[in-house]
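Each value in this text was obtained by applying a stated rule to the coordinates, not by laboratory testing. Just so it is clear, the structure is predicted and the values come from calculations on it, not from any experiment. Every residue, glycine among them, receives a Cβ derived from its backbone with ideal geometry; neighbour counts consider all protein chains shown.
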């Protein structure tokens, strides 16, 4: 089987940020908590590859550490979505047209009706701005996404003859959902997972941009952009590099998602043969 | 058709009811006394008591809920604690910025996305398609507030073509106001247009693979004729949903962009109210936004039925 | 004088040759049949002629329609011929019409596209064409949408669309395959009368020899992208010069050898059964609507008996089969297996006596499991899986003509016919008394179908196995069953010993079904003997 090029490029891009995040626990070019007013607002150069900010901190190092926050927040938010949404969707599909199905679907519609960013801001503002509350706020809105994907994938599988064969073999709905349905919708969940991952990074950046994500001194990409805003006319590099980091990380994840879809979707694969 | 509208309408009312209970409950579960929360740590006990009274906090929970709903129905959204003006007045003033901005961005996004998505679908696999797919892939990845900052840097600070922020007010003249809204609208529209164009493309391609397109071509239609006469209307159905969702996002999700451009819009009002702990404003304006989202979805549902006869006649 | 003349038409997709130097002629006003199994290239031939082959296809050779070349035309020129000179209809009427446009608009569109009429005249002409194909104005106004019509009615709309401009040639690609047998007979009659009345030629593409033999003047037999034999229909079927034609013919009318057994004691008793299934829920918390699919069905199945259940789509046979498998609760009556009640809560040990094979060889298996696990799934019904379960799987696979080593492969490595064998192995593994065969051979090509029928007959003889053989195909049911039930609108309208029921049907519906079934021509017995 040929691995799609988008998957390779996407994985390489995202892998770069993952590696930087992991490496930052061991080593960064500079200490991101140390202020060095003398070296403030340096443009990119040989010593500070991406320049320094208004406190003289090394932007390259801050982006490395910021990757930690972005990735951690997005991963846990996706895990919340998959962990709660998938069982809900599977249960709804197992009794398609039943009361639980109806409630899950209406519940989904209801969550979608709430302006997600506003609610996320409300949650983080009320319970105090922190990375944890950002995770919860983003994670809540991932639940209906995965519930819907799991349900629609499962509903179409439930009509297939091998499910009937399993029922003739005396298997119950729970066991069929776990043995037959879940492995066959895993593709859908993985692809959606990468998309929600990238949306999570964007949402985390937006929340920390308005000061409701990870709190200082923890560096985060959104916060770095917020800090750069007043200095954009004379220190554009402060805005450029964190923004590029977000764009490339999100781009990498989206390309990975596209590539995984091509790789895993048996429908597409059959069509290509 | 009437029956269809009626069932949709009843589900609209039900959704609004549940949403209002959820919002009310969220405000209720805020730890501690809402009045104390709003006034902060150093508040005088007498001031807290006065606010409790004003908020009607001394009544029972169901009573307070009913009071709130009755107020919403009659246009009485309460009085803002921080601004000391009726919330309805505040929201109305802010809507005059947010609504035109959202419509402006939606129009831009749709005007860009439709032809671009169609072009990509018609030229599938050729250079034009690859260019569109590449650009939109990038467009989706760009955070709109960062894009907004770049726009400000280039068009406001360097080129000085547009103001860097603020809103003069509609009484200062249409042109000046539109000019102030252009950069924010572009910043909002670009990522949305990228998403919409991709959906348009895949939707058209999906319909092009349908049997009825083959039938149409067997009748003697060229590929272009088949797209125009049969694929477009069918492809529009999923695209409509996205446009509906985008409108509600543009109305509420503009919070961040309004912050970048210092626009006195609804999103910024909510954001400020949240940070200033003005729960009266938060409660009512979030409810208003949810109302807008649910209503837009309702309109999209009705539009569906207008496009798709299968929904209209059944039931 | 020929209408369509094809010489050395070849088509390949990538490195894959699909059509290999086809040459044939179609004369004005004749019915030209093209028969072949799936993958023979018969549909691709039609698409290539219409200029509708996939863009990645390379087409070479020559085709002339009324003396003018067809292959390699510019889009504009081929479009002028499509729909005007040559009309075409397809297999699947359910999806062939645009769901958001009225049938009137879609028929009129053919006339407007070719610039023959304005919209108003076109609608009038569309009305006339719809009347002609048997959709009268009173019941079928122009402003109906496709979803308001049945499959047969939609196929009539497609025909009206294709003949709107009175083309000289109509290409029909498996036009009746998706339809019930009585509807098929009506559509074939319609096509026949159109050929006679309008002087139009018909190129009829089908997998069904019986259909072709009943309607075609001349016929071409295709195999793997080649025409292996062609000529006047009577001549081809009388002489069958090519071994593949003979094999195809034998397989189409294949009757497996079975020993006659006297009926044993009753296994399955169905008494006055009523079933319904849920429709949609209209409102949240509202009562779901129920559709009554089975109404008062009674019959008995004896040990070792092969019982047929025939009926058209929507007659309730699938619902009944699910009830018999104990998957759905009954709304009335009772089903007993060895005297014990059947239902969703039945004992696992009883379930083990009752297994099933489904129609779709592709949807019947979890694609992520290996064959061993798939075949062993019914062991779930035993308190513990036997320790030597792999031996059981090996035996089951060997008994259906596969190799024991196949158990370590994945299902996608097998062809449709092999998959159906694996499905039978799965049904056999617990040595059941009764297997429900729900359209188990309907999705297979005739030659594969003949092999599976032989296997089923052999297994039934060897293991004294009972079958409930559910099918819409009367020929197959006649070939493999001892007794037949005929089902219509949820009720059994007639039952009796197979031969008796087919030779002397009593109920009007049974007679209608038998009359509608296309028949293979009588052929001297020497042709029926094996080549090898």
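Structure summary
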| item | result |
| --- | --- |
| Descending principal axes extents, chain C, alpha-carbon based, whole Å | 72, 60, 48 |
| Debye intensity ratio I(q)/I(0), log10, the protein assembly as shown, q values 0.06, 0.08, 0.09 Å⁻¹ (C-alpha model) | -0.62, -1.02, -1.21 |
| Spin-label proximity, residue C:128 to region C:182-212 - amide N less than 16 Å from point 7 Å beyond Cα toward beta carbon | C:197-199 |
| Test item: A:238-244 mean partner chain Cβ contacts at 10 Å | 3 |
| Length added when fully stretched, residue B:130-residue B:275, from 0.36 nm per residue minus Cα-Cα | 47.8 nm |
| Crossing angle, helix C:446-463 versus chain C [Cα axis fit, 0-90 degrees, rounded to tens] | 10 |
| Distance in nm between pseudo-label sites at residue A:186 and residue A:130 (7 Å out along the Cβ direction from Cα) | 3.5 |
| Euclidean distance between Cα centres, region C:52-85 to region C:322-381, Å | 52 |
| Helix B:45-55 vs. chain B, principal-axis angle (Cα, 0 to 90°, nearest 10) | 50 |
| Calculated FRET efficiency for the pair residue B:307/residue C:313, C-beta based, R₀ 25 Å, to 0.05 | 0.25 |
| Listed peptides C:47-58, C:403-414 by packing density, highest first (mean Cβ within 10 Å) | C:47-58, C:403-414 |
| Inter-chain shielding of C:366-372 (mean C-beta neighbours from other protein chains, 10 Å cut-off) | 4 |
| Listed peptides C:165-175, C:380-390 by packing density, highest first (mean Cβ within 10 Å) | C:165-175, C:380-390 |
| Average beta-carbon neighbours from other chains, 10 Å sphere, peptide A:165-177 | 6 |
| Highest-fluctuation residue, A:170, A:85, A:15 considered, GNM on chain A with Cα pairs under 10 Å | A:170 |
| Segments C:308-316, B:6-14 sorted - mean Cβ within 10 Å per residue, highest first | C:308-316, B:6-14 |
| Extended-chain gain in nm, criterion 0.36 nm per residue less alpha-carbon gap, residue C:38 and residue C:463 | 149.7 nm |
| For B:295, C:245, A:69, order by how many other beta-carbon atoms lie within 10 Å, fewest first | B:295, C:245, A:69 |
| Residues residue C:241 and residue C:120, FRET efficiency given R0 of 51 Å [Cβ-Cβ distance, rounded to 0.05] | 0.40 |
| Residue B:65 paired with residue A:244, simple spin-label distance in nm, labels 7 Å along Cα-to-beta-carbon | 5.4 |
| Chain C, relative contact order in percent, only Cα pairs under 8 angstrom and at least six apart counted | 15 |
| Helix axis angle, A:237-264 relative to chain A longest principal axis, alpha carbon, degrees | 20 |
| Mean-position separation - Cα centroids, region C:138-195 and region A:192-222, in angstrom | 59 |
| Relative contact order (percent, whole number), region C:207-248, Cα cutoff 8 Å, 6+ residue spacing | 28 |
| Theoretical gain in end-to-end length, residue C:292 to residue C:499 [0.36 nm per residue, Cα-Cα removed] | 71.4 nm |
| Nitroxide proxy distance, nm - points 7 Å out along Cα→Cβ at residue C:515 and residue A:54 | 9.3 |
| Value of [θ]222 nm, deg cm²/dmol, for the protein assembly as shown, DSSP H segments ≥ 4, -39500 (n - 2.57) each, nearest 500 | -17500 deg cm²/dmol |
| Length-normalised contact order of region B:16-124 in % [C-alpha pairs under 8 Å, at least 6 apart] | 11 |
| 17 Å reach of a label modelled at residue C:68, 7 Å along Cα-to-Cβ, counting backbone N of region C:126-169 | C:165-169 |
| For chain B: rounded, prolate or oblate by the Cα gyration tensor [a/c cutoff 1.5] | oblate |
